Amino acid sequence: MPYKDPEVRRQKSKERRNKFLSKMTEEERMEYHRMHTSKSYYKHLDKRQQYGREYYRKNKDKAYYNKYPKATEDDWNHYVSCTNCECCNIAFKNDTDKCQDHNHDTGEIRKVLCQLCNKIEGMIRDPEHAEAILNYKRSTIHGCAFPP
């Protein structure tokens, strides 16, 4: 069971580690400690993973979620009160069906969408791409392609 309090989590983790280490011999414990404290332990990670860990350590305070403005009280109230997708107008069955659509470049919050509309909207590159997909869909009826 996950513990929300970080201090309790640290304590439980320490207890598990001590229990694990108590079953080892002194030589095994020394090897375990040497392996997990040396930089060579991270050699098995590829360069991207190593860079990601280093970048995260250096920039913990500049996390992704701090990059954009936070949602306002009005945005939250609109999200909670929304019962239908603002794109396809299908009713949400539960709160997990809702997605808050936002601009990834500016952080601007747009509309409340269902999971499917949000995925489709995220895959479309630009209006021309959307129009091309619609034309393709219109030209293929019941799996049979018709000439334009």
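The values are calculated or read from the model by the stated rules, or taken from the named source; none is laboratory data. Quick caveat: nothing in here was measured; it's all calculated off a predicted structure. Glycine gets a Cβ as well: all are built from the backbone with ideal geometry, and neighbour counts include every protein chain shown.
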key: Inter-residue pairs, beta-carbon under 7 Å, first part of a strand (DSSP E or B) and in segment 76-92, second among the polar types (S, T, N, Q) and at pLDDT 90 or above, 6+ apart   = Ala91/Thr83; Ala91/Asn84
ask   = Does at least one position in segment 52-75 carry a residue that is surrounded by 11 or more Cβ atoms within 10 Å (Cβ to Cβ), at pLDDT 85 or above and over 25 Å from Asp126 (Cα atoms)?
value = yes
query = Asn94 versus (1) surrounded by 10 or more Cβ atoms within 10 Å (Cβ to Cβ); (2) at pLDDT 80 or above: which is the lone unmet condition?
reply = (1)
query = Pairs under 8 Å by beta carbon, first residue under 13 Å from Gly122 (Cβ atoms) and free of Cβ contacts under 8 Å to residues at least 60 places away in the same chain in segment 95-110, partner surrounded by 11 or more Cβ atoms within 10 Å (Cβ to Cβ) and among the aromatic types (Phe, Trp, Tyr), six or more apart or different chains?
reply = Gln100/Tyr79; His102/Tyr68
